[in-house]
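The values are calculated or read from the model by the stated rules, or taken from the named source; none is laboratory data. What you see is a predicted model; the values in this text were computed from it and never measured. Here the Cβ positions follow ideal geometry from the backbone for every residue, glycine too, while neighbour counts run over all protein chains shown. Note: accessible area is taken over every heavy atom of the protein model, side chains too, but ligands, DNA and RNA are not part of it. Shrake-Rupley method; radii C 1.70, N 1.55, O 1.52, S 1.80 Å.
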Amino acid sequence: MPAELVSELRSRTGRRGLSSYITEAVRHQLAMDGLAEIVASHEEEHGALTKQEIEAARGELFGDVTAEDVERGAA
């Protein structure tokens, strides 16, 4: 990992929090990879997701937020 990233992480988490932060980041990325695989499999079998399907999934994942909220990271 680049030294500047480690330095920034340590400034945010302290030395003892670094491992936990990285663990949670990896868990999050693995979950996102899993979702991407599910979507790809669904689209391969059924075609592209519709806007309605995407909005329904967004509602399940994030509750009452808009697509713009999710894009801004507000969810």
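Listing for the model above:
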quantity: Residue tally, condition among the hydroxyl-bearing types (Ser, Thr, Tyr) and open to solvent by 70 Å² or more (accessible area, probe 1.4 Å), over the stretch 42-55; calculated: 0
quantity: Qualifying residue in the stretch 35-54 (condition: modelled with pLDDT of 90 or more and at positive phi); calculated: yes
quantity: Any hit, the stretch 13-32, residues being loosely packed, with under 10 Cβ neighbours inside 10 Å and at positive phi; calculated: no
quantity: Long-range neighbours under 8 Å by Cβ, at least six apart or interchain, first residue within 20 Å of LEU5 (Cβ to Cβ) within the stretch 18-44, second open to solvent by 70 Å² or more (accessible area, probe 1.4 Å); calculated: LEU18/ARG10; TYR21/ARG12
